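Here's the structure, in structure tokens; my notes come after.
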Amino acid sequence: MAGAFFTVPVSFAQTDVTSPTDPVQVVSGPFDDDGQVGPPPLNEGVDKAIDNTMTKYLNFIDEGSGLIVTPGAGSTVINSMRIYTANDFPDRDPASYLLEGSNNAGSSWTVISTGTLNLPANRNATGQPISTPGLFSQTVSFFNLMAYTSYRITFPTIKDVILANSMQIGEIELLDIPVSAATVTVAGRVSSSVGRGVASARVSFTNQNGETQMALTNAFGYFRFAGVEAGETYIFTATHKRYQFTPQVVTLLDTLSDLNFVAEP
């Protein structure tokens, strides 16, 4: 590991990693019990969720519905999500969320964050640009340092499933990490005692505040964390049901590309 400090420009603003031209897919819920089914209306399709205006995305198969987006920006690290209300019927607002990330085009997903929502009852007028001051929204923040290329956002519940015939949002933003300190990338490989890559091993690290971040290795045993704060000491561990690995204590001063774990014989 190099001894020089790794520095990046300081910026306190978060930016949305999505854009209106990003590939986006509709996710419909597993069931619907109100008789209102079918695809979203043509003028309220899933693309409206990331079009940078308050033109809403509506899904009749409501509970569990949402979207999958693959940002054109490539691999990104997010730690906040902002959801804007649509133009009518607060009963249709999501009441909970599940945010997941993928690095294999959606073949598998890793949970980033999940929790409840309480969007404001105030409504946003249709068509307003997202830059309009005073728009009504809710922002949720969470601890995450793992980079992903695709995101799946689903809403397991809505505010009033009895009264509402659909789920709707005005817009959604996935916000990247505001860089307020030097950050580095940590990458490496998990392998067996004979050098074979170990797939789906859990690699995690814990900071001095007791916060833990986890990633799964890919099919060849490789893993990567982005946006890890430099100048701190972390405990890195690797676990797998078939192998045992020795934890490593690392003080990060620069990007680390060879944090490797080899299984005990």
Taking Asp16, Asp160 and counting other C-beta atoms within 10 Å, the order from fewest to most: Asp160, Asp16
Listing Val262, Val228 by rising number of other beta-carbon atoms within 10 angstrom, fewest first, gives Val262, Val228
Dimensionless Rg/Rh of segment 149-265, both radii on Cα and Rh by Kirkwood, sits at 1.12
Per-residue Cβ contact counts at 10 Å, fewest first, order Thr246, Thr239 as Thr246, Thr239
Computed Rg/Rh of segment 24-176, alpha carbon atoms with Kirkwood Rh: 0.94
How large is ³J(HN,Hα), in whole Hz, for each residue of segment 70-83 in order, when computed from phi with the Karplus curve 6.51 cos²θ - 1.76 cosθ + 1.60 and θ = phi - 60°, using x for Gly and Pro? 10, x, x, 5, x, 5, 9, 10, 10, 9, 8, 9, 10, 10
Highest first, please rank the peptides 133-143, 50-60, 65-75 by the mean number of other Cβ atoms sitting within 10 Å of their residues. 50-60, 65-75, 133-143
Difference of contour (0.36 nm per residue) and Cα-Cα distance, Ala73 to Thr132: 18.9 nm
Got a sec? Which residues in segment 62-98 would a label at Asn122 touch, if it sits 7 Å along Cα→Cβ and we count backbone N under 15 Å? 83-88
For the chain, the dipole about the Cα centre with charges only on Cβ (Lys and Arg +1, Asp and Glu -1), to the nearest 20 debye, works out at 800 debye
If I model a spin label at Thr149 and Gln208 as a point 7 Å from the Cα along the Cα→Cβ vector, what separation in nanometres do I get? 3.6 nm
What number, in percent, do you get for the relative contact order of segment 24-176 if the mean sequence gap of Cα pairs under 8 Å and at least 6 apart is divided by its residue count? 38 percent
Connecting every pair of Cα atoms under 10 Å apart in the chain and solving the GNM, the largest mean-square fluctuation among Gln208, Gln168, Gln128 falls on Gln208
So for the pair Glu229, Ala199, with labels modelled 7 Å out along Cα→Cβ, what separation do we get in nm? 3.6 nm
Would you work out which of Ala95, Thr116, Tyr151 lies farthest towards the positive end of the dipole of the chain, given +1 charges on the beta-carbon of Lys and Arg and -1 on that of Asp and Glu, about the Cα centre? Tyr151
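Since every read-out is calculated from the coordinates, none of them should be taken as a lab result. Worth saying up front: this structure is predicted, and the values here are computed from it rather than measured. Cβ coordinates were reconstructed from backbone atoms using ideal geometry, including for glycine residues, and neighbour counts include every protein chain displayed.
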